[in-house]
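See below for the structure under consideration.
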Amino acid sequence: GKSWNNMGLKASEHIGRIVVHPTNPDIVWVAAQGPLWSPGGDRGVYKTSDGGKTWKQVLKVDEWTGANEVHLDPHDPNVLYASTYQRHRKVWTLIDGGPGSGIYKSNDAGETWKKLTNGLPSGDLGRIGLVVPAPEHDVVVATVESGPDDRGTYRSDDGGANWSKLNGYLSSSPQYYQELFADPTVRGRLYLIDTFLQTSDDGGRTWRRAGESHKHVDNHIVWVDPDDPRHLLVGCDGRLYES
C-alpha cells in the first residue's frame, strides 16, 4: 500500500465491491454503481483478466442502474452472484429503486448472467444486499428493499433457482446500510449492518441485536476472524471497534 496506480473505471464514481479470483490475482470483478446525480458512466459488473490493464463490462442493465455488489461462490470461483441497484439523487429527493434492481447469477466466471426471479418480489426493488456463506453449499441470503408486504430477508438453498421469504426485517435506511456478512466458519451465523448491528444464528430466519456496549452505532462493515468466530472487527460511523 505504499504506492497506488489508478486502474480505470473512473466514470463509475462509486465502486460497490471488488472480488479477486482465489488462485489467479489477475482476474478481478468489480461492482460499479455509477454516478449518483446523472445517468450513464461506468455501471454494472466489470471483469479484468490482466490485472486491471483492461476491463470488460459483463453485466449491464440500463443507464440508471449499476451493480452494488458482486460475490464469488466460495466453493466454485466460476459461479458469481450480483445485485443491481437503480437509483438517482435529485436536490429534493432520492429516487430509490425501480425495475432495474435485481439479483443475477453467472455460471461461467462472469461472462454471461441470468436474472433470478423465482420467489423474489415481482415489483420495483430498491437496494439489495447479498451474502454467500462459506460453511454451506448453494446457499444465498439476500436482504431486499421492496414494498411493505414484500421487503425483508430472502434465502435460496439451491443456488438462487428458488427463493423463500424468511421475515420482513429491513435495515432502518437501506440506501445507507443494507449489507450482509457471514461467519466464515460457523454455519448459519450472519450479520446485517444497521444503526444497531443485527445477527442471526439460523441463517437469517430470525434477527436480534448483537449488542453495542461501549461501541458507537451506525454500522457499515463486519470482519469475522476465520480462526476465532468470537473475534470481530466492526467499522461504524464512530471508527473501528473490536470484540
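Bridgeable lysines around residue 115 (alpha carbons under 17 Å apart, same-chain partners fewer than 8 residues away excluded): 60, 105. When restricted to Cα atoms, the stretch 145-240 yields an Rg and a Dmax of 13.7, 42 Å, respectively. Full extension of the chain between residue 173 and residue 56 gives 38.9 nm of extra length, using 0.36 nm per residue less the Cα-Cα distance. For the chain, the share of accessible area belonging to carbon and sulfur comes to 50 percent (1.4 Å probe, ligands and nucleic acids excluded).
Between residue 21 and residue 206, the modelled labels are 4.4 nm apart [label points 7 Å from Cα along Cα→Cβ].
Let me know the shape class of the stretch 1-133, please: from the alpha-carbon gyration tensor, a ≥ b ≥ c as square roots of the eigenvalues, rounded when a/c is under 1.5, otherwise prolate if a/b is greater than b/c, or oblate. In terms of gyration-tensor shape, oblate. In a shell of Cβ-Cβ distance under 9 Å around residue 86, excluding residue 86 itself, what net charge do Lys and Arg (+1) and Asp and Glu (-1) give? It works out to a net charge of -2.
Provide the net charge surrounding residue 145, with neighbours chosen by a C-beta distance below 14 Å and charges set as Lys +1, Arg +1, Asp -1, Glu -1.
Working: positive: 87, 127, 151, 165; negative: 69, 96, 124, 149, 150, 179, 194.
Surrounding charge for residue 145 is -3.
Rolling a 1.4 Å probe over the protein heavy atoms gives the stretch 1-158 an accessible area of 47 Å² per residue. Of the options (i) 17.7, 58; (ii) 25.9, 83; (iii) 17.3, 49, only one is Rg and Dmax of the Cα atoms in Å as computed from these coordinates, and that is (iii). Spin-label model, residue 157/residue 215: points 7 Å from Cα along the beta carbon direction are separated by 3.0 nm.
The values are calculated or read from the model by the stated rules, or taken from the named source; none is laboratory data. Please read these numbers as outputs of a predicted model, since none were measured by experiment. As a convention, Cβ positions derive from the backbone with ideal geometry for all residues, glycine included, and neighbour counts pool all protein chains shown. Calculation scope for accessible area: heavy atoms of the full protein, side chains included, ligands and nucleic acids excluded. Shrake-Rupley method; radii C 1.70, N 1.55, O 1.52, S 1.80 Å.
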